[in-house]
1. Could you go through the range B:123-134 in sequence order and give the Karplus-derived ³J(HN,Hα) for each residue, using 6.51 cos²θ - 1.76 cosθ + 1.60 with θ = phi - 60°, rounded to whole Hz, and x for Gly and Pro?
2. Please work out the FRET efficiency for the pair A:S5 and B:L269, using the Cβ-Cβ distance as r and a Förster radius of 30 Å; give the result to the nearest 0.05.
3. Need one number: nm distance between label points at A:A19 and A:T76, each 7 Å from Cα along Cα→Cβ, rounded to one decimal.
4. Determine ³J(HN,Hα), in whole Hz, for all residues of the range B:40-49 in sequence, where each value follows from phi through the Karplus function 6.51 cos²θ - 1.76 cosθ + 1.60 and θ = phi - 60°; x replaces Gly and Pro.
5. Whole-Hz Karplus ³J(HN,Hα) for the range A:247-260, in order, using 6.51 cos²θ - 1.76 cosθ + 1.60 and θ = phi - 60°, x for Gly and Pro?
6. Using just the helices of chain B, give the 222 nm mean residue ellipticity in deg cm²/dmol: DSSP H runs with n ≥ 4 each add -39,500 (n - 2.57), and the total is spread over all residues, rounded to 500.
7. Using R₀ = 56 Å, calculate the FRET efficiency as 1/(1 + (r/R₀)^6) where r is the Cβ-Cβ separation of B:D171 and B:S73; round to 0.05.
8. Can you compute the modelled spin-label distance between A:D233 and A:Q186, with each label point 7 Å from Cα toward Cβ, in nm?
Amino acid sequence: MGPTSGDLRATNLEKVFPARPKPVAAVRDFTLEVRGGEFVCLLGPSGCGKSTFLNIVAGFMPATVGRLLLDERPITGPGPDRGVVFQEHALFPWLTVSDNIGFGLRMRGAASRERGVAVSRYIALMGLAGFEQTFPKDLSGGMRQRVAIARALANDPKILLMDEPFASLDAQTRRLMQDELIRVWQQARKTVLFVTHSIEESLLLSDRIVVMTARPGTIREIVPVDWPRPRDDASAEFATAKRHIGAMLNEEITRSFAQLGRNV
Amino acid sequence: MSDVARQPPSAPWGPPGMIAGISGAPARRALGLIIFVALWEAFADLNHAGLRFVNPNLLPAPHEIIAAGIEMSRSGVLWADVSVSLLRAAEGFALAAALGVSLGMLSGYLSLFEDFAGPLIEVIRPIPPLAFLPMFIIWFGIGEPSKVLFIAFSCFFPIYLSTTQGVRFTDPVLIRAARSLGASRAQIFLHVVLRAAVPEIMTGLRLGFGMAFFVLVAAELIAADAGLGYRIQEARNQFHVDVMFLDAFLIGVLGFGIGAGLRWLQGYLLRWKSQIN
């Protein structure tokens, strides 16, 4: 893996969407530093702006106010230094597994030999051997997300942005993919920014959990999770942390319902 | 495509009443045709033999039509007509495909172009193309250009419209994915938007092809000196009903054959797409 750093620094970020009767602030006063190689989960009630923040980091939309730096360089648009894994796999249905994984390298003009090497490496890493020539329609949901992760990693990005990537998977597959992701992350040592609304998922995966408030989303509390992996979701510390975060989230969900009530 | 292969021949749910030794969809399909032709032959022969349900000159028997076909194929008229007609259809269709796909992509991708050209196309499109045939003959004479251009004009619209739809409704998340993988604008157009539009483009091409055959015959009926449509018209004047039937069938067979080829191509190009059944 290349000389990765992947430090992300957001300072006083704000995102306002034009809307009627008045503009809506999705994210406000959002300041966060993520160190290179760190695994950070963004957790919050739906509509709290966690996906908005991820989309700004991905470069799909600009922030209204604030600074956003990846390794000290401002983010101005989408780029291959930030790999994105979407909730719906977003694979190119007309390309085989291999061609999906090699897509980024191909677009960037990599020689076909180099591409072949990278593709084989990520096929092996994500446990996709035997499916090289399969089209996405013939893969299960979990396999599709494996390909999506491999596709993002094959570009050798500095940071991996994951927007509820396992939300549409069944419980067992989800658990399996979480373990796989940690294994791959430990090998690849990329920075990961992972959006989820599941407390368990964030506790199983991350180094730190950024708990967000109801809209406009800002940081309510950053919970460090420094237990070794693999983590035991039946442990006492797990239950304590889950209760603590759950209480915060409940307050925020109540607040976001109250907001809805006002608006209706 | 092949429901035959998936069904074991002795499937208990297979259709009843199959003739021993013949099974599967192709055989069933052929059987329908064979029965139809046999009934026709019997009816026409009885009719000729003196029952005289209708004037025998108006209803040739299948064997007479086949005989007419053999004779015309010996004299070379048949092949000349077929090749003239096919060439016209192919030229007109190719022209329409090139224009329809490229302009359709432009209009699906650039809303400026769509604003500009959309209303014009929407006004012309509902007019049956045949209404323009006299104009084409006045403008381009009775030679090949008028027919080729008329065919191109007629099949342009379905191809253009389908392409526009296909390009416009590309899944935005795929474009985002491509952008974050480092694709440039041109690459996104070429490798995502265009690829995503292939299903609609193929549908447009198939519709356009049907249109090409439809108007080809109409154009040849009115202004031509060779071709299957022309030959039907000529046979009408000489009261050769068998030739009229023969050429009409040939048009059907050719249309079916090329249509099947396009269906196969579509299936091949879209093998990545899930299909019902």
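Bear in mind these aren't lab numbers, they're just calculated from the coordinates by the rules spelled out. Since the structure is predicted, the reported quantities are computational estimates derived from the model, not experimental observations. Note: ideal-geometry Cβ built from the backbone for every residue, glycine included; neighbour counts use all protein chains shown.
1. The phi angles translate into 6, 6, 4, x, 6, x, x, 4, 5, 8, 4, x Hz.
2. Working: r = 43 Å, r/R0 = 1.45.
That gives a FRET efficiency of 0.10.
3. Each label point is offset 7 Å from its Cα along the Cβ direction, giving 3.1 nm.
4. Couplings: 4, 4, 4, 4, 5, 5, 4, 4, 5, 5 Hz.
5. Working through the residues one at a time gives 5, 4, 4, 4, 4, 5, 5, 4, 5, 6, 5, 4, 4, 4 Hz.
6. So the helix-based figure for chain B works out to -23500 deg cm²/dmol.
7. Details: r = 51 Å, r/R0 = 0.92.
Efficiency at R0 = 56 Å is approximately 0.65.
8. Taking the simple label geometry, A:D233 and A:Q186 are separated by 1.8 nm.
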